[in-house]
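A quick write-up on the structure given underneath.
Just so you know, all these numbers are worked out from the coordinates, no wet-lab data involved. The structure presented is a predicted model; accordingly, all values stated were derived computationally and were not measured. Using ideal geometry, Cβ is built from the backbone for each residue, glycine included, and neighbour counts are taken over all protein chains shown.
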Amino acid sequence: MTEHIKIEQQDGVLEIIFSRPDKKNALTNDMYRAAREALESARHDKSIRAVLIGAEGNAFTAGNDLGDFANVSSGKGGEPQAGPFIQTIGQFEKPIVAAVPGIAVGVGTTMLLHCDLVYVADTAKLSAPFVNLALVPEAASSMLMPARIGYVKAFAAFALGESISGPEAVALGLANKALPLDEVLPAARSAAQTLAKKPAGSLVATKKLMRDAETILARMKQESAIFGERLKSDEAREAFSAFAERRQPDFTKFTS
Ligand code: COA
């Protein structure tokens, strides 16, 4: 277990809270593992009828811990846990509500594509700058993001690293409501509790009809193979070193 994920259960709702605010809730392998295990147990626990994913502090998550990425890139570190977490959330049958208080980078944004209701702060910034890190989109976002917000917006997010504000996320269909920061978690909790009182069988069946889990999983597997290769590329190593050294990366020294 890790102290960086807090799990609480109340009135049929399981809350998974990212709790590493000093690192902008960047997700470590231990955090992914804890979040995945919580989802797995929620899947089988009949008393849990909805899940809420939120965060402490004013960031949702700065995405995958870049130190962990650097370890994988240089052949150190354990088995990456992002993939199993993403696959679990992608196939999760019960409704998931997200409360996004601020920045949501990388998987912080792509996991929202697997949440059923999303509440963001007015000041939130959603970004998925995979190309800036010499990586490729994950969590089936290469398919779900263009379908949701349109190809050119999605490409600008992935390739230029353009971020999407809270109100823009609502306009693009990535979020339900943009709210003042202190109203985000209460709104998400209230929605999750409302869902927990609905007929669970109907909710699960509705979600299943609305999402093609098989196609989503197949795309995740495709992305994951390329992502794994990219992680070990010279370009990615340069991106991770640049972050650690607080400098801009120079990709021009590499050819494709
Ligand atoms: N992995 C590991 N540590 C991270 C992190 C990440 N993804 N994102 C932020 N942190 C750490 C910083 O290193 C810093 O640690 P320190 O205080 O020990 O130096 C701390 O969190 C605060 O981050 P900082 O960069 O000072 O905050 P900021 O408000 O200026 O910027 C971000 C916030 C998210 C814009 C910036 O940290 C960033 O770009 N992070 C990388 C995001 C990313 O590329 N994620 C992977 C996506 S696939």
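Among the residues of the stretch 85-141, which ones are out of contact with any strand residue (DSSP E or B) (no Cβ under 7 Å at 6 or more places or on another chain) and farther than 26 Å from A218 by Cβ?
Scanning the stretch 85-141 gives T123, N132.
List the number of the failed condition for L39; all other conditions in (1) in contact (Cβ under 8 Å) with a residue 40 or more places away in the chain; (2) farther than 29 Å from S233 by Cα; (3) within 11 Å of the ligand (Cβ to nearest atom) hold.
Every listed condition holds for L39 apart from (3).
Quick check on this structure: which one of K76, K23 is within 14 Å of the ligand (Cβ to nearest atom), out of contact with any strand residue (DSSP E or B) (no Cβ under 6 Å at 6 or more places or on another chain) and on the phi < 0 side of the Ramachandran plot?
K23
Out of the stretch 91-122, which residues are within 12 Å of the ligand (Cβ to nearest atom) and β-branched (V, I, T)?
Listed by number, the residues that qualify are I103, V105, V107, T109, T110.
Would you mind listing the strands (runs of 3 or more DSSP E) fully within the stretch 1-89 where at least 2 residues are among the β-branched types (V, I, T)?
Answer list for the stretch 1-89: 5-10, 13-18, 50-55.
Select from the stretch 199-221 the residues that are surrounded by fewer than 17 Cβ atoms within 10 Å (Cβ to Cβ) and in contact (Cβ under 8 Å) with a residue 60 or more places away in the chain and list them in ascending order.
V204, K207, K208, A213, T215, L217
Which residue pairs have Cβ atoms under 7 Å apart, sit 6 or more places apart or on different chains, and have a first residue in the stretch 173-192 that is free of Cβ contacts under 8 Å to residues at least 40 places away in the same chain and a second that is surrounded by 15 or more Cβ atoms within 10 Å (Cβ to Cβ) and hydrophobic (A, V, I, L, M, F, W, C)?
Correct list of pairs: G173/I149.
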